[in-house]
Amino acid sequence: QVQLVESGGGLVQAGGSLRLSCAASGSIFSINTMGWYRQAPGNQRELVASITSRGSTNYPDSAKGRFTISRDNAKNTVYLQMNSLKPEDTAVYYCGLTMRGYNYWGQGTQVTVSS
């Protein structure tokens, strides 16, 4: 059984920063990809950032230059540092883990950016 637990969401003013954390537990295969996704009301879930177990990262244009993903393989934990936040970044942020062809999700954490 795999469990993902996110933390670090909250309310922040535009231009501010937040750091999200996600700890994975259970049977974690060493080769995997962890990532952050978000879903705003009425929108589909979208990728925010991902990182492989080797450290290769991927960002959509909306996150480049503002968000940084990192991970601690020893702790099976992934982080998302979000800077220069905008009201349009408001969403529920989900941690995702992909390994051996399966996707696992956390319960989500709310990020609200006020203007």
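Each value in this text was obtained by applying a stated rule to the coordinates, not by laboratory testing. Since the model is a prediction, treat every value here as computed from it, not as a measurement. Backbone-built Cβ (ideal geometry, glycine too); neighbour counts: all protein chains shown.
Some points to look at:
- Calculated over the chain, the projected area of the Cα convex hull averaged across directions stands at 6.7 nm².
- Residue with peak Gaussian network fluctuation, the chain [Cα springs, cutoff 10 Å], from ALA74, ALA91, ALA24: ALA74
- Estimated FRET transfer efficiency when R0 is 35 angstrom, pair LYS86-SER27 (beta carbons, to 0.05): 0.40
- Gain in span if fully extended, GLN1 to SER114, counting 0.36 nm per residue against the direct Cα distance: 37.0 nm
- Using R0 = 25 Å, the C-beta based FRET efficiency linking ARG54 and SER17 works out to 0.40.
- Within the listed set ILE31, ILE51, ILE69, the Gaussian network model of the chain (springs between alpha-carbon atoms below 10 Å) gives the highest mean-square fluctuation for ILE31.
- Derived scalar couplings between HN and Hα for the stretch 107-115 equal 7, x, 9, 7, 10, 10, 10, 8, 8 Hz in order, rounded to whole Hz, by the Karplus curve 6.51 cos²θ - 1.76 cosθ + 1.60 (θ = phi - 60°), x for Gly and Pro.
- Environment charge at LEU18 (Cβ cut-off 13 Å; Lys +1, Arg +1, Asp -1, Glu -1): +2
- Given charges at beta-carbon only (K, R positive; D, E negative), |dipole| of the chain in Debye: 220 debye
- Share of pairwise Cα separations in the stretch 54-115, more than 13 Å, in percent: 72 percent
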